[in-house]
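Here is the structure we will look at.
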Amino acid sequence: MGLFGDFDHHAMAQDLSIAAWDNYPLGFLDTAARFLPESARLQWARSGHPDISAFQHDLYRGVGHGRLWVMEQQAGPVNWADWNALPLPGMVRAWTWEAFAHGAELVSYFRWRQLPFGQEQMHSGLNRPDGMPDVGAEEAAQVKSEIDLLLREEGEDALHTQAARVALVLDYPSLWMAQIQPQGADMAGFGVLLRYYSAARRLGLDVDIVGPQQDLSAYALVLLPSLLHVPEVLQHQLASLTAVVVAGPRCGSKTAELSITQPLPPGPLRPWLPMQVRAVESMRPGRHYAVDGGQGEQWRDLIEPQAGVAVHARYEDGWPAWLSHGRWHSHAGLVNEALLIDWLAEAARQAGLTVAPQPLPEGLRLRRRGRWQFAFNHGPGLAAVPVPEGHKLLLGERLLPAGGVAAWLLNPKD
Amino acid sequence: MGLFGDFDHHAMAQDLSIAAWDNYPLGFLDTAARFLPESARLQWARSGHPDISAFQHDLYRGVGHGRLWVMEQQAGPVNWADWNALPLPGMVRAWTWEAFAHGAELVSYFRWRQLPFGQEQMHSGLNRPDGMPDVGAEEAAQVKSEIDLLLREEGEDALHTQAARVALVLDYPSLWMAQIQPQGADMAGFGVLLRYYSAARRLGLDVDIVGPQQDLSAYALVLLPSLLHVPEVLQHQLASLTAVVVAGPRCGSKTAELSITQPLPPGPLRPWLPMQVRAVESMRPGRHYAVDGGQGEQWRDLIEPQAGVAVHARYEDGWPAWLSHGRWHSHAGLVNEALLIDWLAEAARQAGLTVAPQPLPEGLRLRRRGRWQFAFNHGPGLAAVPVPEGHKLLLGERLLPAGGVAAWLLNPKD
Amino acid sequence: MGLFGDFDHHAMAQDLSIAAWDNYPLGFLDTAARFLPESARLQWARSGHPDISAFQHDLYRGVGHGRLWVMEQQAGPVNWADWNALPLPGMVRAWTWEAFAHGAELVSYFRWRQLPFGQEQMHSGLNRPDGMPDVGAEEAAQVKSEIDLLLREEGEDALHTQAARVALVLDYPSLWMAQIQPQGADMAGFGVLLRYYSAARRLGLDVDIVGPQQDLSAYALVLLPSLLHVPEVLQHQLASLTAVVVAGPRCGSKTAELSITQPLPPGPLRPWLPMQVRAVESMRPGRHYAVDGGQGEQWRDLIEPQAGVAVHARYEDGWPAWLSHGRWHSHAGLVNEALLIDWLAEAARQAGLTVAPQPLPEGLRLRRRGRWQFAFNHGPGLAAVPVPEGHKLLLGERLLPAGGVAAWLLNPKD
């Protein structure tokens, strides 16, 4: 739980029927998400980061072969973060709906009652220490009645969770390789994956987070943000893949034994990305390279493309920053969020996907479940929900307040 | 020494005749007062914080049943802080007078001579390593001759230390409870007590710092900045108290066994503060709530008042910030200094105390001993001493320089 | 290696024929040079600090009795710093030339080939993991052909390393004394020495870094930036010295047994600096004193000069900041770089040395070897090389780009 990478969840889950995890959106800001800048910890202090819980819902749904539970859901302030904020009014409801929107079958709260004694006495629950309902209990009850409303509208069939059109590949051995030899002090862990996940979601896209053994044939767009090692089973798939593929920096740079691939990186990806990484560079916070339309940060591969590779953006010193070869894209390094959104939008359009004409507001996210389309606003401030003409909102309003949830029913053909 | 809370001073001192402590105003900035922002360490680098030594004088005078010594007084730069500044010219004299003004019977300096060898050789003393007098010796001698002057003026009777009209209750078990479960990383320790002490002193008030067993019947104003646990002996007193009482956040929230009080906080204080704390929230540095006329920071209790409770200020989201019920005031959270001064001024006026029409300048503090009224300027820059018309200054000037001491004789009826 | 002070290099090297060290200009920014502000780590991320490698070349040349090797030269990004930047194009060549300009007889690179496996696989070498030449190999080969060109021009005799006119005394026991009792958290280590070395080099001066046993009779200017302890052998030399001498703060403050000198500091230097240090003060980052034309920072001695001592600059509170007595100068404390350059320029002119009319640009440095005059630009941006009229550049251009090297042949009489 909490962007936890100490074992290979996909390997462990092979004979599991279901995956459950513990969702503490506020507490995670201080613990699991240390890679965020302090400004983000301030910005999302009361709502949680708009992508971190969603990322894990999408991850554990994949780990559970499509079946997802939330075993512990934060129901108020916790006691174990450095500072313990009060969730925004409505946020327990929003987190619950968010879990359901991402496919959860069950959301269980921690805890039933705030204990009046012991080490966890400052950890709130659905009920107060005196047994009276706290805000969490009221909001959980609200979700219950709203679920009843939605089921009355269309029935359970409309809530079947379908596969997304976008897959993001998370490979635990690749995470470990980045952790063992980070080469830049802020490069290990989940931060790179989350950058790509966030950017795709700012485009309004739903994302499945999958392991490298997963069948990718049905996806339109496949993201490989940090696939240092390409397992053989995935290499075989790539040959027949029809999706548009986006590879981030360091992809294909390591063998299974954590050596540098030969020929040089992207090693086994060279059939699709005919180029070589001549050198790599990590950049400390505050060190940037200008890139057409934005800036590079944290990391860059120095790439020499072969003939036939298109270069769409370059670093200020001429090295390619964004390259493509047919359906394959390569990002040489990490770039600022707005630029990454642009680059992913291009790949998504090439994949035939419809993306938001403007990136969603910073705190707004969408997620579809069956015919139900949900929108969540993590704030701050009001956000306009992109509900299409002629659709009635069954939850929420078109101008959604922070902590708000909106939902509407899509047409059967959507 | 140095805001030291590892044992219960009041319990320990029951059969002591006198309490002595070690006063290192510059060194403490780097060690005991880590809760101060770096800007404060810069601002008071050469004078010491205007309240930290005074706070401890007032504390140890209470611990010693009215009898206070300073066993070690900083006499120049020390060697054990991260950086070791030179006291402002006159500061050794000012610290000495400050101790006497707060009731000290004796000030002993550490050390007689700066040792020319060994681990402490960079710790200055009254005399230099070569045995010649250093600045500290000159300033100590100056105090000696000034004491002679004052005693000539009015005699020792005028220097009898009387009780203050304001009591601030310091309860060591409450400090430990806050330390064991701080809930916000910057909430443990002496910082909250010092906020209230400073604000009262900015109003020109003298303060006694007392334990919860102390008889409070003679005080006009009683401050409970952070009384997490209300000992039974104090509960009994409160019933018959005629003082105006100000309770800070978390008051009455814990039983003697460190459990949450039931009914909910303020638990045993409910007879006087008919309200309940529904939830609590700690705010990381940089996170604030607007409050009428200022801002809330670090901590807030979410308080539901019962009928008859007046709400004088609210948080931006409507929760009460400052409430009162008869002679009892409750502050739901910590607020910026100017606002706290306003709130305390109101309580002090209700208690019939005369407060400064404007808060004292940031570095100026007053302290009365018997008929002698002292003023100390910790700087920076000149400060106007509020000496009443017709009183002659026997020490210092009306425009007091940084490091300066002023004194005048009050009328017998004052 | 890397500003390493854990043993006395001069004592250890008494019977060595040569001294070799390991030069990692980019890696050192994160490790050996922690005393630099983060802004410097950003500024010199791709070129290395313009003085840190040079300082060590000059140090180890002295340690090796004039004979210097570089055993490991960084040849590309390393893997052991917090972040591992790519050297600027040309930087491996520039570092190599810099070593030669400072007297190196040999530069050996670490490593021959970047290992494709194991713990150091991200540590680049002259050759890539696939055995093909990397940038380092190309730049090393370029130096080889440039050396051939220079030798053709004038022959090896013109490359004989001569002594500089400026000596900076580095005494390891003094470093240890500062480390054992730093008195200010940022005062230990090599930072003070580097301040003086940099300032002298901004004046275009070459510097020999010598131990206290070294014969100083041939130098025009002797710098004692941080000679806490003055060994007897050096005291004897000073009596007959004809050089102008500049003593930094704390000089002569400690006996060989790490006690305070008596009479008070500058103790054994009093015959030449007739003054006494009455007290010392360390200032935390952000605390400054105005000094005529600049500001004091980190440390100051409070100096009482005797008659006949000239005071050239004072702190805002009147204490002398820069004093002189005949050929001897005393700096009471550390000051900002521009002011230190001014003060050293005055001493250098008094010593009959020619200094740059304007301080060299921040990233430009000069170094002479025999009749060859070299210039190195560490950037950022172009820098004008101060090549005299009528001299032809044999390497580089008059407007030297970042990472550039220029060289010209001086007249035999220069």
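The values are calculated or read from the model by the stated rules, or taken from the named source; none is laboratory data. Note that this is a predicted model, so its numbers are computed, not measured. As a convention, Cβ positions derive from the backbone with ideal geometry for all residues, glycine included, and neighbour counts pool all protein chains shown. SASA here: full protein model, heavy atoms, side chains in, ligands and nucleic acids out. Shrake-Rupley method; radii C 1.70, N 1.55, O 1.52, S 1.80 Å.
Does the protein assembly as shown come out rounded, prolate or oblate, given a ≥ b ≥ c as the square roots of the eigenvalues of its C-alpha gyration tensor, rounded meaning a/c under 1.5 and, failing that, prolate meaning a/b above b/c? Spell out each step's value before the answer.
Working: a/c = 2.57, a/b = 1.00, b/c = 2.56.
Since a/c reaches 1.5 but b/c is at least a/b, the shape of the protein assembly as shown is classed as oblate.
How large is the charge dipole for region A:68-201, taken about the Cα centre, if only the Cβ atoms of Lys, Arg (+1) and Asp, Glu (-1) carry charge, to the nearest 20 debye? Walk me through the numbers before you get to the answer.
On the way: 9 positive and 17 negative charges, 62 e Å.
Once rounded to the nearest 20, the dipole reads 300 debye.
In region C:280-315, burial by the other protein chains removes 50 Å² or more of 1.4 Å probe accessible surface, compared with the chain on its own, from C:Arg284, C:Arg287.
Taking the Cα centre as origin and putting +1 on Lys and Arg beta-carbons and -1 on Asp and Glu beta-carbons, what dipole magnitude results for region C:162-230, to the nearest 20 debye?
Working: 4 positive and 5 negative charges, 44 e Å.
Charge dipole of region C:162-230: 220 debye, to the nearest 20.
Enter the Cα centre distance for the pair region B:174-211 and region B:1-75, rounded to the nearest angstrom. Using only Cα atoms, the two centres lie 13 Å from each other. Dipole of chain B computed with +1 at Lys/Arg Cβ and -1 at Asp/Glu Cβ about the Cα centre; of B:Pro320, B:Leu193, B:Ile260, farthest Cα towards the positive end is B:Pro320. Which shape class applies to chain B: rounded if a/c is under 1.5, otherwise prolate when a/b exceeds b/c and oblate if not, where a ≥ b ≥ c are the square roots of the Cα gyration tensor eigenvalues? It is prolate, given that a/c is not under 1.5 and a/b is the larger ratio.
Put simply, the amide H of C:Asp208, placed in the peptide plane, has neighbours under 5 Å in C:Ala164, C:Val166, C:Ala167, C:Leu168, leaving out anything fewer than 5 places away on its chain.
Result for chain A in a Gaussian network model with C-alpha springs under 10 Å: among A:Ser145, A:Ser330, A:Ser253, the largest mean-square fluctuation is at A:Ser145. Would you look at the GNM of chain A, springs on alpha carbons closer than 10 Å, and say which of A:Ser108, A:Ser240, A:Ser124 moves the most? The residue that fluctuates most here is A:Ser240. Round to a whole number: what % of the accessible area of the protein assembly as shown belongs to carbon and sulfur, probe 1.4 Å? Here it works out to 55 percent. Residues of region A:83-111 that bury at least 10 Å² of accessible area once all protein chains are present, compared with their chain alone (1.4 Å probe, heavy atoms only, ligands and nucleic acids left out), are A:Trp83, A:Asn84, A:Ala85, A:Leu86. Between copies, B:Trp80 shows label-point distances of 3.7, 3.7 nm, shortest first, with the point placed 7 angstrom from Cα along Cα to C-beta. The residue of chain B whose Cβ sits closest to the rotation axis that maps B onto C, together with that distance in whole Å, is B:Glu38, 9. Spatial offset of region A:217-283 relative to region B:258-335 amounts to 56 Å, using the alpha carbon center of each. With label points defined 7 Å past Cα in the direction of Cβ, position C:Pro263 shows copy-to-copy spacings of 7.9, 7.9 nm, given to one decimal and shortest first.
Within the protein assembly as shown, DSSP assigns beta bridges of which about 60% are antiparallel (rounded to the nearest 5).
Of C:Pro25, C:Pro263, C:Pro388, the residue with the greatest mean-square motion in the GNM of chain C, using alpha carbon springs below 10 Å, is C:Pro388. Across identical copies of the chain, B:Asp157 has label-point separations of 10.3, 10.3 nm, listed in ascending order, with the point defined 7 angstrom from Cα along Cα→Cβ.
Label sites at C:Ala218 and A:Asp6, each approximated as a point 7 angstrom past Cα along Cα to Cβ, lie 6.4 nm apart.
Probing with 1.4 Å while keeping every protein chain in the model, the per residue accessible area of region B:166-313 equals 30 Å².
Rounded to the nearest 100, the interface formed by chains A and C buries 2300 square angstrom of accessible surface, both chains summed, with a 1.4 Å probe. The simple Förster model, with R0 at 45 Å and r as the Cβ-Cβ distance, assigns B:Leu393 and B:His288 a FRET efficiency of 0.60. The Cα center of region B:366-398 and the Cα center of region A:108-130 differ in position by 53 Å. Note on the protein assembly as shown: with charges restricted to the Cβ of Lys and Arg (+1) and Asp and Glu (-1), its dipole about the Cα centre is near 1260 debye.
Projecting the Cα atoms of A:Ala279, A:Ala356, A:Leu340 onto the dipole axis of region A:261-376, where Lys and Arg carry +1 and Asp and Glu carry -1 at the beta carbon, places A:Ala356 farthest toward the positive end.
Of all DSSP bridge pairs formed entirely within chain C, close to 60 percent run antiparallel.
Counting only helical runs of four or more DSSP H residues, what would the 222 nm mean residue ellipticity of the protein assembly as shown come to if each run contributes -39,500 (n - 2.57) and the total is spread over all its residues? Mind dumping the intermediate values first?
Numbers: 30 runs with 309 residues, N = 1242.
The helix-only estimate for the protein assembly as shown comes to -7500 deg cm²/dmol at 222 nm.
Axis of helix A:52-63 versus longest Cα principal axis of chain A: the two differ by about 80°, to the nearest ten degrees. Report the longest stretch of chain B that contains none of the trypsin sites (Lys or Arg not before Pro) sitting in a DSSP loop with at most 14 other Cβ atoms within 10 Å. Between the exposed loop sites, the longest stretch runs B:35-391.
For helix A:191-202, what angle does its Cα long axis make with the longest principal axis of chain A, in degrees from 0 to 90 and rounded to 10? Relative to chain A, helix A:191-202 is tipped by roughly 70 degrees.
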